[in-house]
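Asker: This structure is in structure tokens; I'll ask about it shortly.
The values are calculated or read from the model by the stated rules, or taken from the named source; none is laboratory data. Predicted model only: the values in this text are computed from it and were never measured. Please note: Cβ atoms are built from the backbone with ideal geometry, for glycine as well, and neighbour counts cover all protein chains shown. These accessible areas exclude ligands, DNA and RNA; they are computed on the full protein's heavy atoms, side chains included. Shrake-Rupley method; radii C 1.70, N 1.55, O 1.52, S 1.80 Å.
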Amino acid sequence: MHVLRKQAIYDKKGDVAFWEVFVQDATTGKYPEDIDPLKATTIAVDVLVELGAYRVGEGKVVFVNVPAIFLEASMFDLLSPEYVGIELVENKNITTQTYNAIELLLKRGFKFCIDDFGFERIDYLPLLSKAHFVKIDIKNSPYNWYELKEVMVVLKNLKKSVIAKNIETEEDYKRAKEYGFDYFQGFYLSPPTLVKDTRTISYLKSTLLELYQALTKSDMKRIVSVLERDVGAAYKLLKFANSVRKKKINSLEKAVAYLGFDNIVKFAIVLALSEMFAKGDERKYWERALYRACLAEKLAEIYSPNLKAKAHTAGLFSLSQEIFGQRPENLALELGLDKDIVEAFEKKPNGLSFILSLVELLEDTQNPEVLEKVARILKTSPDRVKSVIESAKKESMTISQELA
């Protein structure tokens, strides 16, 4: 299992100046062997979009490890340069397109840092003029301490801020200060801390195609409809919308309207690049959540038509414990969902909690006695209740097959 962690970078006064985020294996605490740098970057950016870089960095700039070739993608379109920096971790095969991408990101205001710097690495030199920061690993540097002093003089003359990383002892810290480093990072100062377990951000691959088709037609209603079918994508969009707006947005329709067409396009690009697709048991839970959403909406048509939209949302997120590892009531509060939905998940008596209780009762049964009992409660016929169940199953199965 992969997790995203962050580690503080301190200034000379000992205050946190920046953060760096990176992917680790949750068990070993090391860089995962089964993941390449490109994939690690997509995970980091995906989580920053979802949670909000301002929150992750506690108001400070968060540096993301990025292979230079990755800068040609549009991955940073949804991130603010006020709170996100770019740390170049691999610079082979630099192309004209890469330089152009860097220039555009610089114009937008992003700060650049070169990782593991050394003048003997020719691939770094063309990028040095563009970098605001240079990071040197004091434990694995190609220079001895005497040579490092000379390197620091050159970098200072070039007006580069220099970060000492891998500070593991008090002696490392004192010497780095003595040699004129501006910033400091390492276990001696603070270990990495958990940002997020990345298992909660998957969605359906087919959603991308549906979303793309809606975007090509500039059909905002269709965009909402596509997202309403996919609990993972719906979760991510609401998280993103609420990360950039102080007042909570409590529905997908409002989130799409608030973000606007251009930001939804960028959101779709981030989904496409992150490739965190639902599969296996997670896919089964997604299909069941969709069925619950359809069934809740159709039951609301009988019981209280004005609750249809809320019932669909409540049904869609009712399995959040199984899908996201988070209790429905907590997720509803986190996403800023409607108060009625929160109270329904808390089992407080209201129209939605009643509808959800009927969903739980009906989703796995065709028992005539149960159908008759529900029919009496809803003041309708058992045949209509049976028809609602079959219609919800057919609708959710059709959608599942379309998006398979």
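Asker: Go through the residues of region 151-169 one by one and say whether even a single one is out of contact with any strand residue (DSSP E or B) (no Cβ under 8 Å at 6 or more places or on another chain) and hydroxyl-bearing (Ser, Thr, Tyr).
Answerer: Taking every residue of region 151-169 in turn, at least one turns out to be out of contact with any strand residue (DSSP E or B) (no Cβ under 8 Å at 6 or more places or on another chain) and hydroxyl-bearing (Ser, Thr, Tyr).
Rundown of residues vs (1) more than 17 Å from the chain's Cα centre (by Cα); (2) of a type outside the set (Phe, Trp, Tyr), yes/no style:
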site: Gly29; (1), (2): yes, yes
site: Ala53; (1), (2): no, yes
site: Gly57; (1), (2): no, yes
site: Phe63; (1), (2): no, no
site: Asp77; (1), (2): no, yes
site: Glu82; (1), (2): yes, yes
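Asker: Does at least one position in region 332-352 carry a residue that is open to solvent by 40 Å² or more (accessible area, probe 1.4 Å) and either within 22 Å of the chain's Cα centre (by Cα) or modelled with pLDDT under 85 (or both)?
Answerer: Checked against the condition, which is being open to solvent by 40 Å² or more (accessible area, probe 1.4 Å) and either within 22 Å of the chain's Cα centre (by Cα) or modelled with pLDDT under 85 (or both), region 332-352 yields at least one hit.
Asker: Right, something else. Check Ala268, Ala272, Ala233 and return the single one that is in a helix (DSSP H, G or I) and modelled with pLDDT of 80 or more.
Answerer: Ala233
Asker: Can you give me the number of residues within region 140-163 that are over 27 Å from Leu106 (Cβ atoms) and modelled with pLDDT of 85 or more?
Answerer: The total comes to 4.
Asker: Continuing with this model, one more query. Pick from Lys393, Lys386: which is open to solvent by 70 Å² or more (accessible area, probe 1.4 Å), basic (Lys, Arg) and in contact (Cβ under 8 Å) with a residue 24 or more places away in the chain?
Answerer: Going through Lys393, Lys386 in turn, just one is open to solvent by 70 Å² or more (accessible area, probe 1.4 Å), basic (Lys, Arg) and in contact (Cβ under 8 Å) with a residue 24 or more places away in the chain: Lys393.
Asker: Among the residues of region 36-60, count how many are open to solvent by 50 Å² or more (accessible area, probe 1.4 Å) and either within 22 Å of Ile9 (Cβ to Cβ) or at pLDDT 85 or above (or both).
Answerer: 5
Asker: Here is a check on your reading of the model: is Asn367 within 19 Å of Gly232 (Cα to Cα), surrounded by fewer than 16 Cβ atoms within 10 Å (Cβ to Cβ) and polar (S, T, N, Q)?
Answerer: No; evaluated as a whole, the condition is false for this residue.
Asker: Another one. For the structure I just gave you, tell me whether Ser318 is part of a helix (DSSP H, G or I) and either hydroxyl-bearing (Ser, Thr, Tyr) or without any contact (Cβ under 8 Å) to a residue 40 or more places away in the chain (or both).
Answerer: no
Asker: Determine which single condition Phe63 fails, assuming it passes every other condition in (1) modelled with pLDDT under 80; (2) assigned to a strand (DSSP E or B); (3) not hydroxyl-bearing (Ser, Thr, Tyr).
Answerer: It fails just one condition, (1).
Asker: Continuing with this model, one more query. Name the single residue, out of those in region 298-328 being among the charged types (D, E, K, R) and farther than 16 Å from Asp230 by Cβ, that is nearest to the chain's Cα centre (by Cα).
Answerer: Looking at the filtered set, the residue picked out is Arg327.
Asker: Condition first: open to solvent by less than 60 Å² (accessible area, probe 1.4 Å), under 22 Å from Lys379 (Cβ atoms) and of a type in the set (S, T, N, Q). Now tell me which residues in region 292-331 satisfy that.
Answerer: Listed by number, the list holds a single entry, Ser304.
Asker: Considering region 100-139 alone, what residues qualify as being under 27 Å from the mean Cα position of the chain (by Cα), open to solvent by 60 Å² or more (accessible area, probe 1.4 Å) and either more than 23 Å from Phe181 (Cβ to Cβ) or at pLDDT below 80 (or both)?
Answerer: Asn100, Glu103, Leu104, Lys107, Arg108
Asker: Another one. Restricting to region 19-35, what's the tally of residues that are under 23 Å from Gly232 (Cβ atoms), open to solvent by 10 Å² or more (accessible area, probe 1.4 Å) and of a type outside the set (A, V, I, L, M)?
Answerer: 3
Asker: Mind counting the residues in region 142-184 that are among the basic types (Lys, Arg), farther than 24 Å from Phe63 by Cα and either touching a Gly at 6+ places or on another chain (Cβ under 7 Å) or surrounded by 13 or more Cβ atoms within 10 Å (Cβ to Cβ) (or both)?
Answerer: The number of residues fulfilling the criteria is 2.
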